[in-house]
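What follows is calculated from the coordinates using simple rules that are stated; it is not laboratory data. Keep in mind the model is a prediction, meaning the values are calculated, not measured. Note: ideal-geometry Cβ built from the backbone for every residue, glycine included; neighbour counts use all protein chains shown.
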């Protein structure tokens, strides 16, 4: 079988040491070894979130973590303002609606980041403070957009609404200061920037929101954050944890820490810029707008007359390069290229070269080598960045 390199928004290519860690023998999840590992994970995660507060680990996907955030924080009938900038922001809104919350949507044009001024105007108009919460996305993989979370935080703090942040694909890729900025509940997962297998959600809860959670009448059982916090203080989980996923995350965070957060941020940003520059050199336009580019996913428009599905299939089956297509209304219109995981500069250049080859075979009038050369210039202009970041 042809070796495939994953350039998708996640799950991503996982390092051999992380895969080996996941293959360790099981341990007692009520014993001291597991308790020590869970404590170690929380201590490593706190500075990445930018918090000194509680971080609880749940045995589920990132979407499960987001559902836990909603059902613990809000009650049926409460009014929430959703601020989606793509497919996954709309999913967060749908979770809240499913559980009986009244959700209003602040729309943003596709490819653009949330405008803090537009958010400020809507919240200012809420003089009666009917809006109990704001649903936010740090990084939106469906559109290749990253929001300015510091600017957004200044707006939400002034209003006082409780905030839930989907940071599944952005946490660890750029600076995040949960406590300083005043976000209430922030959710991420291991299969994105940390490059570990999926199976966990990491939920950081601000000290100021626990009393609200305690009073909240919304039913919950498996996703009860109060119960998760109670057991975490004993070094345990309420339910059987995915022990192998814990082992893998432990190794992945060790790798992340060895390289250092700022080097990881620099590497991802450089890879994303090299990919954008290379695609533009081929005449392919970038879907996300200047000032809103994500460091973890590049979204680009499919050239006119090209079947996106056929291009993706050829890249996967004939070149071993796995990219993602668009979702919902963007299906067939964009390509999405992830920068996360165990990838090197050579991998990025190889992926761009594969795209060039396929476009040439499809008769797209591009200059052979232009994309690779443009990306290479980006890499040569940067100081060496450690790649052992997971």
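Considering Cα pairs under 8 angstrom that are at least six residues apart, work out the relative contact order of region 99-196 and quote it in whole percent.
Working: 120 pairs, mean separation 24.4, N = 98.
Computed over region 99-196, the figure is 25 percent.
Ranked by Cβ crowding within 10 angstrom, fewest neighbours first, how are 271, 256, 222 ordered?
222, 256, 271
If we count other beta carbons within 10 Å of each Cβ, what is the order of 184, 307, 250, fewest first?
307, 250, 184
Going highest first, how would you order 68-80, 19-31 by mean Cβ packing within 10 Å? Mind dumping the intermediate values first?
Working: 68-80: 21.5, 19-31: 13.5.
Per-residue mean Cβ counts within 10 Å order the peptides as 68-80, 19-31.
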Normalised by the residues of the chain, what does the relative contact order come to in percent, with Cα pairs under 8 Å and at least six apart? 24 percent
Please figure out what share of the DSSP beta bridges in the chain is antiparallel and state it in percent, rounded to the nearest 5. 50 percent
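At a Förster radius of 41 Å, what calculated FRET efficiency corresponds to the Cβ-Cβ distance of residue 121 and residue 234, to the nearest 0.05? Please list the in-between numbers first.
Numbers: r = 46 Å, r/R0 = 1.13.
It comes out at approximately 0.30.
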Going by alpha carbons, how many degrees (0 to 90, nearest 10) lie between the helix axis of 149-159 and the longest principal axis of the chain? 30 degrees
On a 0 to 90° scale, report how tilted helix 370-381 is relative to the longest principal axis of the chain, with both axes built from alpha carbons and the result rounded to the nearest 10. 60 degrees
Between residue 91 and residue 304, with labels modelled 7 Å along Cα→Cβ, what's the label distance in nm to one decimal, could you check? 3.4 nm
In a GNM of the chain with a 10 Å cut-off on Cα contacts, which of 305, 100, 278 has the highest mean-square fluctuation? 305
Pairing the Cα long axis of helix 261-281 with the longest principal axis of the chain, what angle in degrees results, from 0 to 90 and rounded to the nearest 10? 40 degrees
What value, in deg cm²/dmol to 500, does the helix sum -39500 (n - 2.57) over DSSP H runs of n ≥ 4 give at 222 nm once divided by the residues of the chain? -12500 deg cm²/dmol
Quick one: 128, 244, fewest Cβ neighbours within 10 Å first, how do they rank? 128, 244
Peptides 159-168, 82-91 ordered by average Cβ neighbours within 10 Å, highest first: 159-168, 82-91
Of [x] 35, 26, 17; [y] 30, 27, 21; [z] 36, 24, 21, the label for semi-axes √(5λ) of the Cα gyration tensor in Å derived from the coordinates: [x]
